[in-house]
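One structure is given here, and the rest of the page talks about it.
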Amino acid sequence: MSIKRNDIRHVAVIMDGNGRWATERGLPRIQGHRAGVAALKEIIKYSGEIGLEYLTLYVFSTENWKRPSIEVNSLMGLLIEFVEKELEELKANGVKLMVIGDLESLPRNVRASLERAILATEKNKGLHLSVAVNYGGRDEIVRAVKRIADDAASGRIDAAQIDDRMIESYLYTAGIPDPDLVIRPSGELRISNFLLWQIAYSELWFSNCYWPDFTPEDFQRAIDDYYRRDRRYGGL
Ligand code: FPP
């Protein structure tokens, strides 16, 4: 199965339901996140196989710090483990890794690990994989506005020239096309502060299964549904 490359370029995924998946099995929540990593590896592989250009995954939000420290620490540990274990395969498959979010406030070892992987894959030309870590859509916009205000105050830009394109160039996702499709499993019907600016015209796709049960077949079903949608961008 392959996609029509020109039609769908960017899929973004809110990987939700790991905790419930684990709880329903009487397992600690972190086992759900581990199973979530296994699912995401399959989706990354499949995305490369079908020639998708951009995949963005919501890994850790600016609000996730509110979780108990044991879960936060486990998620940070999983991130490092993911990079350590998968980097060679990502490189071999031509995946270019990028992080969107506030890297500065991450634990030093997590940041170092991510930065190493970004550097090691920066020249790759295959799937462009963005992981949203310590990411919040409003936080991203606030940061952009502050930098725009600074640049306007110092004369680097003219406030009268501020438009959509300029704002985009100040976001973490500068240079990346907006998602065509946003997928959220687990039965929740909300966006949860994910890519608020970028999803203005994205198609949304929801399913009831928990993220660890989400398969490449589900991913393809979402893409097939996307092709049946009629995107009008406000026109007729
Ligand atoms: C949402 O499930 C999931 C997260 C907050 C984390 C997503 C992380 C992963 C899939 C694993 C880590 C990723 C990498 C790349 C190492 P939830 O915990 O909110 O589930 P619940 O709504 O059922 O409680």
Only residues that are open to solvent by less than 20 Å² (accessible area, probe 1.4 Å) and of a type in the set (Gly, Ala, Ser): list them for the range 52-95, please. Ser61, Gly94
So which of Glu140, Glu188 is of a type in the set (Asp, Glu), open to solvent by less than 50 Å² (accessible area, probe 1.4 Å), assigned to a loop (DSSP other than H, G, I, E, B) and under 30 Å from Lys41 (Cβ atoms)? Glu188
Residue check for Ala174: loosely packed, with under 14 Cβ neighbours inside 10 Å and assigned to a helix (DSSP H, G or I): no
Restricting to the range 66-95, and then to whatever is within 11 Å of Thr121 (Cβ to Cβ) and part of a loop (DSSP other than H, G, I, E, B), can you tell me which residue is farthest from the ligand (Cβ to nearest atom)? Gly94
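Residue-wise test of (1) in contact (Cβ under 8 Å) with a residue 40 or more places away in the chain; (2) within 17 Å of the chain's Cα centre (by Cα).
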residue: Leu195; (1), (2): yes, yes
residue: Leu204; (1), (2): no, yes
residue: Asn208; (1), (2): no, no
residue: Gly234; (1), (2): no, no
Looking only at residues that are in contact with a strand residue (DSSP E or B) (Cβ under 6 Å, 6 or more places away or on another chain) and among the β-branched types (Val, Ile, Thr) in the range 177-231, which one is farthest from Val11 (Cα to Cα)? Ile199
Open to solvent by less than 80 Å² (accessible area, probe 1.4 Å), free of Cβ contacts under 8 Å to residues at least 12 places away in the same chain, assigned to a helix (DSSP H, G or I) and within 11 Å of the ligand (Cβ to nearest atom) - does that describe any residue in the range 96-110? no
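The values are calculated or read from the model by the stated rules, or taken from the named source; none is laboratory data. Computed from a predicted model, the values in this text were never measured in an experiment. Ideal geometry is used to build each Cβ from the backbone, glycine not excepted, and the neighbour counts take in all protein chains shown. Calculation scope for accessible area: heavy atoms of the full protein, side chains included, ligands and nucleic acids excluded. Shrake-Rupley method; radii C 1.70, N 1.55, O 1.52, S 1.80 Å.
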